[in-house]
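Reviewing the structure listed below.
Values quoted throughout were computed directly from the atomic coordinates according to the rules given, and no laboratory measurement underlies them. Here the structure is a predicted model, which means the values were calculated and not measured. Every residue, glycine among them, receives a Cβ derived from its backbone with ideal geometry; neighbour counts consider all protein chains shown.
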Amino acid sequence: MNSLFDQAEALQSLLVSHATGGSEDDAEYMRLRQAVLSHAALEPLIPRFLRTSRSLGQFWQFIKGKYGTYAERRTYLWDEFRPILEILERGGLSPSDQAVTAAINKFDSAHVQAAWAKALDRRASDAEGAITMARTLLESVCKHILEEAHTKYDDSPDINKLYRQTAEVLKLSPSQHTEQVFKQILGGCTAVVEGLGALRNRLSDSHGTGKVGVKPAPRHAELAVNLAGALAIYLLATWEARAAPSQ
């Protein structure tokens, strides 16, 4: 059992067995758990209970309190492991996914981390949901930066307005620059946000559709998630660079 996919699948099977009356080896659990936890690229997809349950005894206390029946426990564990297994079955996260994950994990924002994890999880199997989460990722990043900068924003702001506020704080607004090349690049960032908002409204599951609704394909979700991830890295890195001198 050498591949990470095999180890993650074995860990799932071990936990399902233990949660449904089996008696499993604690040392084997700790070995498989460590193999999964040590893979940094999987960080946003790892179930919370796996981080906190350092032994099978701790896992048992968690699962018996959460669900009373074997069927419920099986379903829960299968659902919790599905994102990890699907990613690994497709060959793992791409280098760009890993870069976004590393950048996002540097910031103490549960909302940002959750949005990125859900976007990755849904990208291949739920295009509509992935597009919604791509937009949510950018919204969460913008709110995180504005809150860190002590800048107020509306409770339910339009994503375009939210991004414009963030760009102003980070001095990324095209109007704040005179060099044509910077105006062009920063204008492109604005266009990405506007495009994601429009794509989300047109193709995602955030709005009801009529009988002839437009269904997004996986390639649409891939584009939306990748664009949102790249822009999220840029915004967070810019905030880190601008906030560093004051700290």
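See the values below:
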quantity	calculated
Shape metrics for the stretch 4-89, restricted to C-alpha atoms - Rg then Dmax, Å	11.9, 33
Cα centroid separation - the stretch 127-198 against the stretch 9-38, whole Å	42 Å
Choice from Arg51, Arg164, Arg135 with maximal GNM fluctuation in the chain (Cα, 10 Å cutoff)	Arg51
Over 25 Å between alpha carbons, listed pairs Lys183/Lys215; Lys161/Lys215; Lys118/Lys143; Lys66/Lys106; Lys106/Lys152	Lys183/Lys215; Lys161/Lys215; Lys66/Lys106
Per-residue [θ]222 nm for the chain (sum of -39500 (n - 2.57) over DSSP H runs n ≥ 4, rounded to 500)	-23000 deg cm²/dmol
Integer Hz, Karplus 6.51/-1.76/1.60 couplings in order for the stretch 227-235, x for Gly and Pro	5, 5, x, 5, 5, 4, 4, 4, 5
Mean separation of Cα contacts under 8 Å (6+ apart) over length of the stretch 95-243, as relative contact order %	36 percent
Which of Ala19, Pro218, Ala191, positive extreme of dipole for the chain (C-beta unit charges)	Ala191
Point-to-point label distance, Glu72-Phe182, nm (Cα→Cβ direction, 7 Å offset)	5.8 nm
Square roots of 5 times each gyration tensor eigenvalue, C-alpha, the chain, largest first, Å	38, 21, 16
Segment Thr52-Thr190, length gained on full extension (0.36 nm per residue, minus Cα span)	45.7 nm
